[in-house]
Amino acid sequence: MRPNRYYDVIRIGPVQVGTFHNGRGQTRHTAACTAPKCGFSAEYADRSAAELAARTHHCTA
């Protein structure tokens with residue numbers, strides 16, 4: 001299985017939001033925090049939900 005190819009990647013604070021196609025051919029969106037020891041990441045069906053998660057995320061680390 002080939003790795004996910006992210007495109008349309010933006011950064012909102014420490015969180016990166018990117019779009020990819022999963023193994024079933026669906027377009028999915030992910031938000032992942034890049035801060036050390038944070039560990040936040042989530043996958044969403046629509047881009048606006050991923051961007052909202054990025055805007056409202058507060059690191060616990």
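Quick note: the coordinates plus some simple rules give every number you see, no bench work behind them. The structure displayed is predicted, hence computed values, not measured ones. Backbone-built Cβ (ideal geometry, glycine too); neighbour counts: all protein chains shown.
Loop only by DSSP, 12 or fewer other Cβ within 10 Å of the Cβ. Give me the trypsin sites (Lys or Arg not before Pro) in the range 1-53 that pass, ordered by residue number.
In loop regions of the range 1-53 (DSSP not H, G, I, E or B), the sparsely surrounded trypsin sites (Lys or Arg not before Pro) are Arg5, Arg24, Lys37.
Calculate how steeply helix 47-56 sits against the longest principal axis of the alpha-carbon atoms of the chain, using the helix alpha-carbon long axis, and give the answer as 0 to 90 degrees to the nearest 10.
Value to nearest ten degrees: 10.
Considering only the other residues whose Cβ falls under 9 Å of the Cβ of Ala31, what net charge follows from Lys and Arg at +1 and Asp and Glu at -1?
Value of the local net charge: -2.
Once you have all Cα-Cα distances for the chain, histogram them in 5 Å bins from zero and send the whole-percent values.
4, 21, 30, 21, 14, 7, 2
With each label point set 7 Å from Cα along the Cα-Cβ vector, what nm distance links His58 and Cys38?
About 1.4 nm separates the two model spin labels.
If contacts are Cα pairs under 8 angstrom and at least 6 residues apart, what is the relative contact order of the chain in percent?
Rounded, it is 27 percent for the chain.
Could you please report the charge total around Pro14, scoring K, R as +1 and D, E as -1 over all other residues with beta-carbon less than 13 angstrom from its beta-carbon?
With Lys, Arg at +1 and Asp, Glu at -1, the neighbours total +3.
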